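S.K.: Below you will find the structure I want to go over with you.
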Amino acid sequence: MEGIKLNPNNSGAFDAAVHSGVPECGDLAIASKPYATTGGNPAVVISFTVNVDGKPVKVQAVTTLKLLGSAVDGLRAAHLAD
């Protein structure tokens, strides 16, 4: 499983990620699976399609639900703080 690198409020990292990779097709999907880790914890997979040499290729990253939730909480704190 992959980890998550969080870069809140970082326009440079955002623009680099958007413009330095292969074109994406916008079909972002998130699926979860209970008891996915060896410790019996839930995991999530985030997937989408990219164009590689003009052909659609599905790519994905897997992480734990706990880690994804922590990343989302961090982004909420960075962007939605009162």
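S.K.: Can you return the lysines within cross-link range of LYS5? Criterion is Cα-Cα under 20 Å, with same-chain partners fewer than 8 residues away left out.
M.R.: Qualifying lysines at Cα under 20 Å: LYS66.
S.K.: I want to check the label-to-label distance for SER11 and LEU75. Put each point 7 Å from Cα in the C-beta direction and report it in nm to one decimal.
M.R.: Once both label points are built, they end up 1.9 nm from each other.
S.K.: So what's the net charge close to ALA43: Lys and Arg +1, Asp and Glu -1, counting the other residues with Cβ under 15 Å from its Cβ?
M.R.: So the environment of ALA43 carries a net charge of +1.
S.K.: Is there a quick way to get the dipole size of the chain? I mean about its Cα centre, with the Cβ of Lys and Arg at +1 and of Asp and Glu at -1; what is the value in debye to the nearest 20?
M.R.: 260
S.K.: If packing is taken as the average number of other Cβ atoms within 10 Å across a peptide's residues, how do 71-80, 38-47 rank, most packed first?
M.R.: 38-47, 71-80
S.K.: Another question about this same structure. Give the shape of region 23-79 as rounded, prolate or oblate, defined through the alpha-carbon gyration tensor: a ≥ b ≥ c are the square roots of its eigenvalues, a/c under 1.5 means rounded, and otherwise the shape is prolate if a/b is larger than b/c and oblate if not.
M.R.: Here region 23-79 falls in the oblate category.
S.K.: Also: Any idea which of HIS19, ASN41, VAL59 is furthest toward the positive side of the dipole for the chain, if Lys and Arg beta-carbons carry +1 and Asp and Glu beta-carbons -1?
M.R.: In the chain, that residue is ASN41.
S.K.: Suppose only helical runs count, i.e. DSSP H with n ≥ 4. What mean residue ellipticity at 222 nm does that imply for the chain under -39500 (n - 2.57) per run, divided by all residues and rounded to the nearest 500 deg cm²/dmol?
M.R.: The helix contribution divided over the chain gives -9000 deg cm²/dmol.
Readers should treat all values here as calculations from the given coordinates under stated rules, not as data from a laboratory. Just so it is clear, the model here is predicted, and its values are computed rather than measured. Methodologically, a virtual Cβ is constructed for each residue, glycine included, from the backbone with ideal geometry; neighbour enumeration extends over all protein chains shown.
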